[in-house]
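The values are calculated or read from the model by the stated rules, or taken from the named source; none is laboratory data. Just so we're clear, the structure is a prediction, and the values are computed from it rather than from any experiment. So basically every Cβ, Gly included, is an ideal-geometry build from the backbone, and we count neighbours across all protein chains shown.
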């Protein structure tokens with residue numbers, strides 16, 4: 001087996017374990033899928049994937065290394081991300097069952113998935129640990145003699161592919177119980193639980 005193939009295989013195995021470990025990205029996708037249906041869950045998953053690709057590009061360009069080297073830059077993004085998660089969590093706790101529904105300019109609730117996509121994107125981009133993860137973890141799997149920036153982005157794409165596959169499994173798992181999850185009482189309870197999860201992740205990110 002070539003060094004490149006060995007590196008890709010080793011990274012895929014490690015990344016798969018990290019992908020299925022519950023995190024805030026998983027919580028965003030599950031909440032969208034369980035509360036608003038498969039299409040909205042897919043939109044949230046694509047938003048998370050786009051955020052990972054952006055971090056992959058930054059890591060490949062060397063810009064994400066700034067977060068690892070500059071405590072001030074890291075803390076600024078970390079606190080911004082914690083504030084965003086806290087805001088999402090409080091909205092879910094105070095307005096369960098409707099806080100995630102995007103609104104059109106006239107004030108009516110919009111069924112479009114754009115809000116879920118944006119939430120997935122921002123949740124990922126405002127988490128500096130993703131950038132530090134790419135800068136510190138991915139280089140371990142870069143073989144000698146390859147273009148480092150290009151191979152780093154390739155590894156990020158592998159991570160995104162694994163994440164989308166895992167999100168697809170989670171979204172499919174919510175489909176059989178979609179009607180039950182859409183009941184007002186269940187939806188409110190789900191939102192409150194998810195809100196607590198977001199607040200916990202926000203507190204962890206801020207600490």
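Brief remarks follow.
- Residue among 142, 158, 132 that is surrounded by fewer than 21 Cβ atoms within 10 Å (Cβ to Cβ), more than 18 Å from the chain's Cα centre (by Cα), closer than 30 Å to residue 6 by Cβ and in contact (Cβ under 8 Å) with a residue 60 or more places away in the chain: 142
- Taking helices (runs of 4 or more DSSP H) as the structural unit, those lying wholly within the stretch 1-85 and holding at least 2 residues that are under 16 Å from the mean Cα position of the chain (by Cα) and within 13 Å of residue 125 (Cα to Cα) correspond to 24-36, 38-61.
- The test for being surrounded by 14 or more Cβ atoms within 10 Å (Cβ to Cβ) and modelled with pLDDT under 75 does not hold for residue 59.
- Residue match in the stretch 159-167 (condition: under 17 Å from residue 120 (Cα atoms), at pLDDT below 90 and in contact with a helix residue (DSSP H, G or I) (Cβ under 7 Å, 6 or more places away or on another chain)): no
- Scope the stretch 88-133; condition part of a helix (DSSP H, G or I) and at pLDDT below 85; matching residues: 88, 89, 91, 92, 93, 94, 128, 129, 130, 131, 132, 133
- Checking each residue in the stretch 3-55 for being at pLDDT below 85 and over 22 Å from residue 201 (Cβ atoms) picks out only 37.
- Total residues in the stretch 168-207, condition within 15 Å of residue 38 (Cβ to Cβ), surrounded by 14 or more Cβ atoms within 10 Å (Cβ to Cβ), modelled with pLDDT of 80 or more and out of contact with any helix residue (DSSP H, G or I) (no Cβ under 7 Å at 6 or more places or on another chain): 1
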